[in-house]
1. Using r as the Cβ-Cβ distance of Asn40 and Ala95, and R0 as 25 Å, what FRET efficiency do you calculate, to the nearest 0.05?
2. May I ask you to list the aspartates and glutamates whose Cα is less than 14 Å away from that of Lys20, ignoring any residue fewer than eight positions away on the same chain?
3. Please list the non-local residues whose amide H lies under 5 Å from the amide H of Glu27, H modeled 1.01 Å from N, same-chain partners needing a gap of 5 or more.
4. Would you mind checking which residues have amide H under 5 Å from Val74's amide H? H placed 1.01 Å from N; only 5 or more apart, or other chain.
5. If you take the C-alpha gyration tensor of region 9-95, multiply each eigenvalue by 5 and take the square root, what semi-axes do you get, largest first, in whole Å?
Amino acid sequence: MTTKKKLTPKEQTQNREEQKLYIDPDENVTSVRERLERVNAKHVALVVPPQTHLRGQVAWKLLYMRARELGKDVSIVSSDPQIRAMAQSVQFKVAS
């Protein structure tokens with residue numbers, strides 16, 4: 001069973017046009033997709049830590065497809081070059 005992670009007060013009050021979501025290291029793709037669905041902003045930056053469980057290309061593809069279905073412009077922010085490369089390989093915009 002997946003535990004729904006609530007948006008932090010900071011995430012809830014940020015500008016609705018652009019928002020940052022900080023991903024916990026142990027979050028899985030389902031949790032991230034659910035959080036993305038609850039965000040009102042069209043532009044979202046997912047801040048992904050280097051020790052994330054989101055390492056597989058399938059997970060990144062699923063996340064990208066859901067973001068497109070929701071009409072969200074999602075960029076990935078991470079200091080880990082492997083995460084950035086994986087995200088970019090499925091068409092996400094990336095930053096370090």
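Bear in mind that the values in this text are calculations on the coordinates, not laboratory data. Only a predicted model underlies this, so the values are computations on that prediction, with no experimental measurement involved. As a convention, Cβ positions derive from the backbone with ideal geometry for all residues, glycine included, and neighbour counts pool all protein chains shown.
1. FRET efficiency, Asn40 to Ala95: 0.70.
2. Output for Lys20: Glu11, Glu37, Asp73.
3. His53
4. Val44
5. For region 9-95, the semi-axes come out at 19, 14, 12 Å.
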